[in-house]
Amino acid sequence: MKLVFAGTPEVAVPALDALIASGRHEVAAVVTRPDAPAGRGRRLIASPVAQRAQEAGIEVLKPRKPRDPAFLERLRQIAPDCCPVVAYGALLPRVALDIPARGWVNLHFSLLPAWRGAAPVQAAIMAGDEMTGASTFLIEEGLDSGPVYGTVTETIRPTDTSGDLLTRLAFAGAGLLAATMDGIEDGTLKAVPQPAEGISLAPKITVEDAEVDWSTPALRVDRVVRGCTPAPGAWTTFRGERLKLIQVTPVPDRTDLAPAQLSVGKNSVHAGTGSYAVELLWVQAQGKKPMRAADWARGVRIADGETLGGQGPDTP
């Protein structure tokens, strides 16, 4: 088939690579988000998908919106049979959905109908799921509601961050998307409507959502930290300034600390939660680089009774 691939971030690149490498289909063009400012100089940088397509000599389309008339006209000229999609980042209007003969097929990083939305991997970790996966489905105008072509499953490991899990799913999903294109072309694959039961939603996680609530149990604190790593980054406050939490680990045999209360040992830092303590392993203070929590604690000289999420030991 003649394909136009739509995607933007690094996580979409393995799927583009798989389609290019398959040799069975022609990737005629790539659709991606416009160049965005990045780095200290805020220079405009092409998306990872755009950079990979340019390396492969593939035409790159960067519409401000997918309903731009010039983009739609170019898509009609290319006349793709199908448009595979991975994390493109913009809603597709009906007029765009109708152009490819076999529609737009999305690779979504959950086992649909679970975790429809922008942050399925983060949501699965934060909910404590033990299993997740990826699904390919035919895009409709509803939110991730179209019929499913295929799935792959992936175990969520106890220490997985969303970054770890998403990397594995990107590669497993790349193979699934390539196989889905093959099955659509040869007629062996039919999309099956999603069940009405088991629907859950995974909206984009905001910075506010990523603040740790120390009154919740240790397992919840751990899941929030892992689910929000690397983005948007779990955080709390210490002495009125934001402290990013990069890695923690539950400590079930430490039950003597009140929620948010800190305890500093020679080479360890513990914080109380709504159940037992967690050990802070890696943190990042405001304006500083990531560091081991024990090194951070030595630098700030934590006083007895100090807590996270408050102003200090004298806060009422």
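For the reader, a short list of remarks on this structure follows.
- For the chain, the share of accessible area belonging to carbon and sulfur comes to 52 percent (1.4 Å probe, ligands and nucleic acids excluded).
- Charges were assigned to the Cβ only: +1 to each Lys and Arg, -1 to each Asp and Glu. The resulting dipole of region 118-274 about its Cα centre is roughly 740 debye.
- Length gained on full extension, residue 182 to residue 36: 49.2 nm, using 0.36 nm per residue less the C-alpha separation.
- Springs join every pair of Cα atoms under 10 Å in this Gaussian network model of the chain, and among 24, 64, 43 the largest mean-square fluctuation is at 43.
- Largest to smallest in accessible area, the residues 292, 239 fall in the order 292, 239 (1.4 Å probe, all protein chains included).
- Accessible surface for region 1-83, divided over its residues, is 50 Å² per residue with a 1.4 Å probe.
- In this structure, the amide hydrogen of residue 45, modeled 1.01 Å from its nitrogen in the peptide plane, lies closer than 5 angstrom to those of 36, 38, counting only residues at least 5 positions away or on a different chain.
- With all protein chains modelled, accessible area of residue 126 [1.4 Å, Å²]: 30 Å²
- Local net charge near residue 21, Cβ-Cβ under 14 Å (Lys/Arg +1, Asp/Glu -1): -2
- Built amide H within the under 5 Å cut-off of residue 146, gap 5+: 140
- Summing charges over neighbours of residue 178, with a neighbour being any other residue whose Cβ is under 12 Å away from its Cβ, gives -2 when K and R count +1 and D and E count -1.
- With all protein chains modelled, accessible area of residue 209 [1.4 Å, Å²]: 80 Å²
The values are calculated or read from the model by the stated rules, or taken from the named source; none is laboratory data. If you're wondering where the values come from, they're calculated on a predicted model, not measured in any experiment. FYI the Cβ positions are ideal-geometry reconstructions off the backbone, even for glycines, and counts take in every protein chain you see. These area figures cover heavy atoms from the full protein model, side chains too; ligands, DNA and RNA do not enter into them. Shrake-Rupley method; radii C 1.70, N 1.55, O 1.52, S 1.80 Å.
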